[in-house]
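Contents: one structure, followed by commentary.
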């Protein structure tokens, strides 16, 4: 089966229930309640919802960073329940890109080093790592700033470095958690426009959790989480 024929994300009756602090048997706090979701390859999909609605929990499960209480999760054709922790680590490193609200950059490293470090951890050939790092920095328009450290960059530039890092491994799926949360509206528009263009030109799949109304202009589909339950998707033109 070709990658294009595989549903990028598919969940069935997905539940995540956290134990109560009291530890009482049979009790728990449901963060996700029976999520049924499908995301096709090459789409820009936004997951909307208030704080506490379950967005981050869902992203963590899709990234293999957390496990569901019940239900099934398939990402890029892989049943995550059948994968060991080691398999999940390798799979994330090779096929998934993660982007966070707080950027997650190492303050002592330059933009180039923040991106290249991921490839070095993968064990990539140094020459290939250099070439790929320069490619993704050019993609996000930061070649001139490759030697700058995070504190020397604007918020938008820092997020672009984070996106470049997520792209460095030729990821097929990017999971982004509130990537515009710490940006002003103008910079947020710039980042969202870049991401939409990235999806359109490279056919990568992007699932973004956000409560920012700006995202509606750029997403192809909008899903809404309310109290851990998913409403019908809103189709965009």
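The numbers here are math on the coordinates, done by the rules we state, and not lab data. Because the structure is a prediction, the values reported are computed rather than measured. Don't worry about glycine lacking a Cβ; one is built from the backbone with ideal geometry, like all the others, and counts go over all protein chains shown.
Seen against the Cα atoms of the chain and their longest principal axis, helix 185-202 is set at about 90 degrees. A straight line joining the Cα centroids of segment 48-100 and segment 160-234 runs 16 Å.
Using only the alpha-carbon atoms, how far is helix 85-95 inclined from the longest principal axis of the chain? Give it as 0 to 90 degrees, nearest 10. Tilt relative to the chain: about 50 degrees. For the chain, what is the percent of antiparallel DSSP beta bridges, rounded to the nearest 5? Percent antiparallel among DSSP bridges in the chain is about 50. Would you work out if segment 83-131 is rounded, prolate or oblate? Take a ≥ b ≥ c from the square roots of the eigenvalues of the alpha-carbon gyration tensor; rounded if a/c is under 1.5, else prolate when a/b is larger than b/c, oblate otherwise. Oblate.
Only helices enter this figure: runs of n ≥ 4 DSSP H residues, each worth -39500 (n - 2.57), summed and divided by the residues of the chain, yield -10000 deg cm²/dmol at 222 nm to the nearest 500.
Starting from the Cα-Cα distance between residue 231 and residue 122, subtract it from 0.36 nm times their residue separation and give me the gain in nm to one decimal.
Using 0.36 nm per residue and subtracting the Cα-Cα distance, I get 35.4 nm.
Listed from fewest to most Cβ neighbours within 10 Å, the set 116, 10, 27 follows the order 27, 10, 116. The ranking of 147, 87 by Cβ neighbour count inside 10 Å, starting from the fewest, reads 147, 87.
The GNM of the chain, with springs linking C-alpha atoms under 10 angstrom apart, assigns the highest mean-square fluctuation among 149, 196, 120 to 120.
For residue 221 and residue 147, the difference between the fully extended length at 0.36 nm per residue and the C-alpha to C-alpha distance is 22.9 nm.
Hull volume per residue, based on the alpha-carbon atoms of segment 141-208 and their convex hull, is 91 Å³. Against the chain, whose longest principal axis comes from its Cα atoms, helix 126-139 is set at around 80 degrees.
Look at the alpha carbon pairs under 8 Å that are at least 6 residues apart: their mean separation over the length of segment 3-235 gives a relative contact order of 29 percent.
With Cα atoms as the point set, the radius of gyration and Dmax of segment 28-108 evaluate to 13.9, 43 Å.
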